[in-house]
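For reference, the structure discussed in these notes is given below.
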Amino acid sequence: MKPFHNFINGAFVATGKTYDNRNPATNAVIGQVHEAGQAEVDAAVAAARAALKGEWGRMSVVARARMLHAVANEIDRRFDDFLAAELADTGKPRALAAHIDIPRGADNFRIFADIVKNVPTESFRMTTPDGGTAVSYAVRSPLGVVGVICPWNLPLLLMTWKVGPALACGNTVIVKPSEETPATATLLGEVMNAVGVPKGVYQVLHGFGPGSAGEFITRHPGVNGITFTGETRTGEAIMAAAAKGVRPVSFELGGKNAGVVFADADFDQAVAGIMRSAFENCGQVCLGTERVYVQRPIFDQFVAALKAKAEALTLGGPDMPGVGLGPLISKEHKAKVLSYYAKAKAEGATVVTGGGEPVMSGEWAGGHFVQPTLWTGLPESSAVIREEIFGPCCHIAPFDTEEQAIALANATDYGLATTIWTQNLGCAHRVAAAIEVGLCWVNSWFLRDLRTAFGGAKASGIGREGGVHSLEFYTELRNVMIKL
Ligand code: NAD
Ligand code: 6OD
């Protein structure tokens, strides 16, 4: 049985207190995870603080960037190991992890290594009250020790999306991967050692949230800031912990994203786009569409087309031929998603397709699969329309006017993302300006340029990461004023 150890001060550390790691596609136990307690958190914080003062803290930005390129190259070299680890932890289709998760794991180091080498700083020249001259300039210092608390849906991608800029800016990090997906964060420890990243710069502590490594990291006074991706309610708990010491947070949280399809959209492209946004990664993408609003003239035709595509999805594990839909992450998450399937029926939804558990056979019989599901006919007040489900399902409702579509899309506490489908450029710009989200895609979804700002409005997050925007959180900006 594979052990998943903590990675502290450059060494893999067992704690003896273990829990099972399971493959969600089969429910088989595939490893034992060593849970970190307060003692391991204290040790990691001490090593991270020491690293800030050692070789890492003294390294030039160019040397640091070179080292992060070496990390990226080593991930590429060990592509198969990372892919196998991610597939075993998540059960997602092989092609998805091979084309998105693992390559982005490497790219997240390259892009931020290049950005920090080239980031401009401001300087001003001024006349002083006595008629003299002064110049000011800004310098950026690392924030310090950064706690990185991660979810399970895109484990390597989302973890490195934060570790990449944090290290590029000269910080040290303590990563807490999700309890569901310990593998790729642990493997990255081997990569860090292989390329010579100094001890204490990258560390991994395994465990849960409350009363475990997650809470202990976020409460530790030696941690200077916390970057977190996960549920909004968890964000609230972390924010309360970070209040002690007034430590900064960067949050990427939940969503209840709307897709808006106008009657003039390219029909086939819109159907394909909404299909992807609702069902990719089995609906376990924070940017995914769980509310679809379709203009009335094409509503029936659109629902029928989506139904046909959803019913054509092949369910199975990573290597099932033609697989389009993998499992949910855990037994508990499956129970949560199925509870919404039951609520939808109880609240009077028309179940267009799905709504239950599929019959799986062979090695997938014990996996956490649910049917891809589409509903119509629910009132906007329904829990299914208000609350994030994070499964392969969405509700489809008609609208008549542009104003109505905007009002429906905005009627949510969340504000992460939207996807708009229209061929009318004016309409696209007007709706994009009026929708209360951090991320808006037009005639596309999850199209990424890592130089752009990423994050959510309303209850979907605090702050923006991506490109130079990441520097706002991962550095302290100091102004130096010199009277000449
Ligand atoms: P989660 O909030 O349950 O857990 C995320 C992490 O927080 C885990 O590592 C967990 O152990 C830790 N944690 C839990 N309670 C904690 C506490 N009190 N203190 C410290 N750490 C704690 O989220 P999840 O179920 O892993 O992921 C799914 C959620 O993540 C969804 O809501 C999804 O929308 C969101 N998400 C958002 C984005 C985004 O970019 N906005 C991206 C991916 C996922
Ligand atoms: O692509 C990214 O950088 C990113 N943060 C994606 C988030 C996906 C959420 O599940």
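The values are calculated or read from the model by the stated rules, or taken from the named source; none is laboratory data. These numbers come from a predicted model, not from an experiment. A quick note on method: Cβ atoms are made from the backbone with ideal geometry, for glycine too, and the neighbour counts reach across all protein chains shown. Note: accessible area is taken over every heavy atom of the protein model, side chains too, but ligands, DNA and RNA are not part of it. Shrake-Rupley method; radii C 1.70, N 1.55, O 1.52, S 1.80 Å.
Collect the residues in region 229-253 that are among the acidic types (Asp, Glu) and either open to solvent by less than 20 Å² (accessible area, probe 1.4 Å) or near ligand 1 (Cβ under 6 Å from one of its atoms) (or both), keeping them in residue-number order. Before the answer, list the steps.
Filtering region 229-253 down to residues among the acidic types (Asp, Glu) leaves 231, 236, 252.
Scanning region 229-253 gives GLU231, GLU252.
Conditions: (1) more than 15 Å from ALA48 (Cβ to Cβ); (2) near ligand 1 (Cβ under 9 Å from one of its atoms); (3) more than 20 Å from the chain's Cα centre (by Cα). TRP161 meets all but one. Number of the miss?
Failed condition: (3).
Search region 380-417 for residues being more than 16 Å from ligand 1 (Cβ to nearest atom) and hydroxyl-bearing (Ser, Thr, Tyr), and hand back the single one that is nearest to ALA434 (Cα to Cα).
THR401
Could you pull out the residue among THR184, THR121 that is in contact (Cβ under 8 Å) with a residue 12 or more places away in the chain and assigned to a helix (DSSP H, G or I)? Full working, then the answer.
On the way: THR121 fails: assigned to a helix (DSSP H, G or I).
THR184 is the lone residue from the list that is in contact (Cβ under 8 Å) with a residue 12 or more places away in the chain and assigned to a helix (DSSP H, G or I).
Can you confirm whether GLU290 is within 16 Å of ligand 2 (Cβ to nearest atom) and farther than 30 Å from VAL29 by Cβ? Walk me through it before giving the result.
On the way: within 16 Å of ligand 2 (Cβ to nearest atom): yes; farther than 30 Å from VAL29 by Cβ: yes.
For GLU290, the condition - within 16 Å of ligand 2 (Cβ to nearest atom) and farther than 30 Å from VAL29 by Cβ - is met.
If I filter region 315-324 for residues that are closer than 22 Å to SER361 by Cβ and out of contact with any helix residue (DSSP H, G or I) (no Cβ under 9 Å at 6 or more places or on another chain), do I get at least one hit? I'd like the intermediate steps shown before the answer.
Here is the first cut: in region 315-324, the residues closer than 22 Å to SER361 by Cβ are 315-324.
Still in the running and out of contact with any helix residue (DSSP H, G or I) (no Cβ under 9 Å at 6 or more places or on another chain): 321-322.
Checking region 315-324: at least one residue is closer than 22 Å to SER361 by Cβ and out of contact with any helix residue (DSSP H, G or I) (no Cβ under 9 Å at 6 or more places or on another chain).
Please verify whether region 380-396 includes one or more residues that are under 25 Å from ALA258 (Cβ atoms), open to solvent by 10 Å² or more (accessible area, probe 1.4 Å) and without any contact (Cβ under 8 Å) to a residue 12 or more places away in the chain. Outline the logic, then answer.
Taking region 380-396 first, the residues under 25 Å from ALA258 (Cβ atoms) are 380-396.
Then drop every residue that is not open to solvent by 10 Å² or more (accessible area, probe 1.4 Å), which leaves 380-381, 383, 386-388, 390.
Those still in the list that are without any contact (Cβ under 8 Å) to a residue 12 or more places away in the chain too: 381.
Yes - at least one qualifying residue is present in region 380-396.
Just one of VAL41, VAL71, VAL119 is in contact with a helix residue (DSSP H, G or I) (Cβ under 7 Å, 6 or more places away or on another chain) and open to solvent by 20 Å² or more (accessible area, probe 1.4 Å); which is it?
Unique residue meeting the criteria: VAL119.
If I go through region 343-366 residue by residue, how many of them are in contact with a helix residue (DSSP H, G or I) (Cβ under 9 Å, 6 or more places away or on another chain) and assigned to a loop (DSSP other than H, G, I, E, B)?
Selection size over region 343-366: 6.
Restricting the search to region 60-90, which residues are under 17 Å from MET320 (Cα atoms) and within 16 Å of ligand 2 (Cβ to nearest atom)? Give the steps one after another, and end with the answer.
Within region 60-90, the first condition is being under 17 Å from MET320 (Cα atoms), and the residues that meet it are 83-84, 86-90.
Listed by number, the residues that qualify are GLU86, ASP89, THR90.
Away from ligand 1 (no atom under 13 Å from the Cβ), in contact with a His (Cβ under 9 Å, 6 or more places away or on another chain) and hydrophobic (A, V, I, L, M, F, W, C): which single residue out of VAL135, VAL145 fits that description?
Working: VAL135 fails: in contact with a His (Cβ under 9 Å, 6 or more places away or on another chain).
Criteria check complete, one pass: VAL145.
Do we have ASP80 as in a strand (DSSP E or B) and open to solvent by 40 Å² or more (accessible area, probe 1.4 Å) here? Outline the logic, then answer.
Numbers: in a strand (DSSP E or B): no; open to solvent by 40 Å² or more (accessible area, probe 1.4 Å): yes.
Here the answer is no, as ASP80 does not meet what is asked.
Go through region 456-473 and give me each residue that's part of a loop (DSSP other than H, G, I, E, B) and open to solvent by 60 Å² or more (accessible area, probe 1.4 Å).
First pass over region 456-473, keeping only residues part of a loop (DSSP other than H, G, I, E, B): 456, 459-460, 463-464, 466.
If the condition is that a residue be part of a loop (DSSP other than H, G, I, E, B) and open to solvent by 60 Å² or more (accessible area, probe 1.4 Å), then ARG464 is the only one that fits.
Tell me which residues, restricted to region 205-228, are under 18 Å from MET159 (Cβ atoms), more than 16 Å from ligand 2 (Cβ to nearest atom) and touching a Lys or Arg at 6+ places or on another chain (Cβ under 8 Å).
Residues satisfying the conditions are LEU205, HIS206, GLY207, ALA213, GLY214, ILE217, VAL223, GLY225, ILE226.
Is it the case, given these coordinates, that TRP441 is in a strand (DSSP E or B) and aromatic (Phe, Trp, Tyr)?
Numbers: in a strand (DSSP E or B): yes; aromatic (Phe, Trp, Tyr): yes.
Here the answer is yes, as TRP441 does meet what is asked.
Among the residues of region 211-226, is there at least one that is within 25 Å of THR418 (Cβ to Cβ), under 21 Å from the mean Cα position of the chain (by Cα) and of a type outside the set (Gly, Ala, Ser)? Write out each step before concluding.
If we filter region 211-226 for residues that are within 25 Å of THR418 (Cβ to Cβ), which is where we start, we get none.
No - not one qualifying residue is present in region 211-226.
I need the full set of residues from region 377-404 which are farther than 20 Å from CYS282 by Cα and assigned to a strand (DSSP E or B), in order please.
Hits for region 377-404 are ALA397, PRO398, PHE399.
Conditions first: (1) open to solvent by 10 Å² or more (accessible area, probe 1.4 Å); (2) not in a helix (DSSP H, G or I). ALA134 passes all but one, so which condition is the exception?
(1)
Kindly establish whether GLY362 is open to solvent by less than 10 Å² (accessible area, probe 1.4 Å) and farther than 26 Å from GLY273 by Cβ.
Details: open to solvent by less than 10 Å² (accessible area, probe 1.4 Å): no; farther than 26 Å from GLY273 by Cβ: yes.
Spelling it out, it is not the case that GLY362 is open to solvent by less than 10 Å² (accessible area, probe 1.4 Å) and farther than 26 Å from GLY273 by Cβ.
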